[in-house]
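*Asks:* Structure provided below as structure tokens; questions to follow.
The values are calculated or read from the model by the stated rules, or taken from the named source; none is laboratory data. Values in this document were obtained by computation on a predicted structure and should not be read as measured data. Using ideal geometry, Cβ is built from the backbone for each residue, glycine included, and neighbour counts are taken over all protein chains shown. Ligands, DNA and RNA are excluded from the accessible area calculation, which covers all protein heavy atoms including side chains. Shrake-Rupley method; radii C 1.70, N 1.55, O 1.52, S 1.80 Å.
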Amino acid sequence: MLDRILARKKQDLQEAQARVPLTELLDADPGPAAPSFEAALTRPQVNVIAEIKYQSPSRGAFTCRLPPQEIGQLYLDNGAAAISVLTERHYFHGDLEFIRTVRDQETGLPLLRKDFIFDAYQLAEARAHGASAYLLIAACLSPERLKELIRNGHDFRLDALVEVHDAFELETAVESGARIIGVNNRDLRTFNVDLNTSFKLARLLEGETGFVLVSESGIREHVQLLELRDAGFHAFLVGSLLMDSDDPGDGLRKLLQTGAAREPEEEVRGSLRR
């Protein structure tokens, strides 16, 4: 599946470059400066990157069919630190225009372009549409290309979220200059989800400084946020849980337990790593 997605993305890239030359993208006015993605993830609280996606290859269509601008507002109203916007069209039913649509809603939240990115042209697209950050998947890129795309992001004033799944990819990300590292608990080739992936990789960075850690996929309960934060994670990317409901804002509020009676943290921590 991953190989098919990448092959289709390469075709999409060629078509986009034919429609809009890179020079035109570079000349486009992205509007006001985008808010800092990294700053939003390092606030001294539980920071959730709430995701807008309508479908996935492993789950099919999600329940929520609200337009992206309404979802963005719900996420803002219910405590999201940032918004992840799926822009892959064929397998996730996303669209690059969703970024502009949510940005125009003026939520003030930083927006992450979540896609299969392998070319600087895609960074120019993200900047032109108002994104603050972009996703790089270590499993899809050579170490040389990963390093180059991180460097390109600096030129576009965008933050790179570099996604890894195992120790080798983590080492590659660190050596490539990644600062924001996302640990995907879902194996992109099998789609199996194991939250322990985050705990294992976080232990490899114990004692290291200068990194912002994001746990991705498989998070469904508030206690898991607490456990992962104790393990060193600064932020948490959550999509399926929120979008597989009629009201993703309500799902976010329940996950964060905003305004709800919370269990004492000392009573719930420790359960996931036993």
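*Asks:* Please work out which residue is surrounded by the fewest Cβ atoms within 10 Å (Cβ to Cβ), limiting yourself to segment 228-248 and to residues that are of a type in the set (Gly, Ala, Ser) and closer than 19 Å to Lys114 by Cβ.
*Replies:* At the first step, the residues of segment 228-248 found to be of a type in the set (Gly, Ala, Ser) are 231-232, 235, 239-240, 245.
From what's left, closer than 19 Å to Lys114 by Cβ: 235, 239-240.
Values: Ala235: 28, Gly239: 23, Ser240: 19.
Checked segment 228-248; the qualifying residue surrounded by the fewest Cβ atoms within 10 Å (Cβ to Cβ) is Ser240.
*Asks:* Continuing with this model, one more query. (1) more than 27 Å from Ile181 (Cα to Cα); (2) in contact (Cβ under 8 Å) with a residue 40 or more places away in the chain: which one isn't true of Ala61, the others all being true?
*Replies:* Status for Ala61: all satisfied but (2).
*Asks:* Here is a further query. Which residues, taken from segment 163-193, are outside any loop (DSSP other than H, G, I, E, B) and of a type in the set (Lys, Arg)? Let's see the steps before the verdict.
*Replies:* So the first thing to find is which residues in segment 163-193 are outside any loop (DSSP other than H, G, I, E, B), and the list is 163-164, 167-175, 180-184, 186, 193.
Within segment 163-193, just Arg186 meets the criteria.
*Asks:* Cβ contacts < 8 Å: first residue without any contact (Cβ under 8 Å) to a residue 40 or more places away in the chain, restricted to segment 190-202; second residue acidic (Asp, Glu), any location; separation 6+ or different chain. Result?
*Replies:* Every condition considered, the pairs that remain are Val193/Asp187; Asp194/Asp187; Thr197/Asp166; Leu201/Asp166.
*Asks:* Follow-up question, since we're still on this one. State whether the residues of segment 186-199 include one that is surrounded by 17 or more Cβ atoms within 10 Å (Cβ to Cβ), more than 18 Å from the chain's Cα centre (by Cα) and modelled with pLDDT of 95 or more.
*Replies:* yes
*Asks:* Enumerate the helices (runs of 4 or more DSSP H) found wholly within segment 195-249, keeping only those where 3 or more residues are hydrophobic (A, V, I, L, M, F, W, C) and farther than 28 Å from Gln69 by Cβ. Before you say what the answer is, go through the steps one by one.
*Replies:* Working: elements: 196-204, 222-230, 240-243.
The qualifying helices (runs of 4 or more DSSP H) are 196-204, 222-230.
*Asks:* What's the total number of residues in segment 54-93 that are within 22 Å of Ser215 (Cα to Cα) and in contact with a Ser or Thr (Cβ under 8 Å, 6 or more places away or on another chain)?
*Replies:* Selection size over segment 54-93: 11.
*Asks:* Ok, one more. What residue, among those in segment 6-65 that are among the β-branched types (Val, Ile, Thr), open to solvent by less than 70 Å² (accessible area, probe 1.4 Å) and out of contact with any strand residue (DSSP E or B) (no Cβ under 9 Å at 6 or more places or on another chain), is nearest to Asn192 (Cα to Cα)?
*Replies:* By that ranking, first place goes to Thr63.
*Asks:* Can you tell me which residues in segment 203-227 are closer than 14 Å to Ile180 by Cβ and surrounded by 19 or more Cβ atoms within 10 Å (Cβ to Cβ)?
*Replies:* Val212, Leu213, Val214, Ser215, Glu216
*Asks:* Which of (1) on the phi > 0 side of the Ramachandran plot; (2) at pLDDT 95 or above; (3) open to solvent by 40 Å² or more (accessible area, probe 1.4 Å) does Gly259 not meet, given it meets every other one?
*Replies:* The number of the failed condition is (2).
*Asks:* Here's a follow-up. Counting just the residues of segment 66-80 that are among the polar types (S, T, N, Q) and farther than 23 Å from Phe116 by Cα, which one comes out least open to solvent (accessible area, probe 1.4 Å)? Break it down into steps so the answer makes sense when it comes.
*Replies:* Of segment 66-80, the ones among the polar types (S, T, N, Q) are 69, 73, 78.
The next check asks that each one be farther than 23 Å from Phe116 by Cα; those that pass are 73, 78.
Numbers: Gln73: 55, Asn78: 20 Å².
Taking the candidates together, the pick is Asn78.
*Asks:* Next question, about the same structure. Take Glu70 and decide whether it is farther than 27 Å from Asp246 by Cβ and assigned to a helix (DSSP H, G or I). Full working, then the answer.
*Replies:* On the way: farther than 27 Å from Asp246 by Cβ: no; assigned to a helix (DSSP H, G or I): yes.
When the stated conditions are applied, Glu70 does not pass them.
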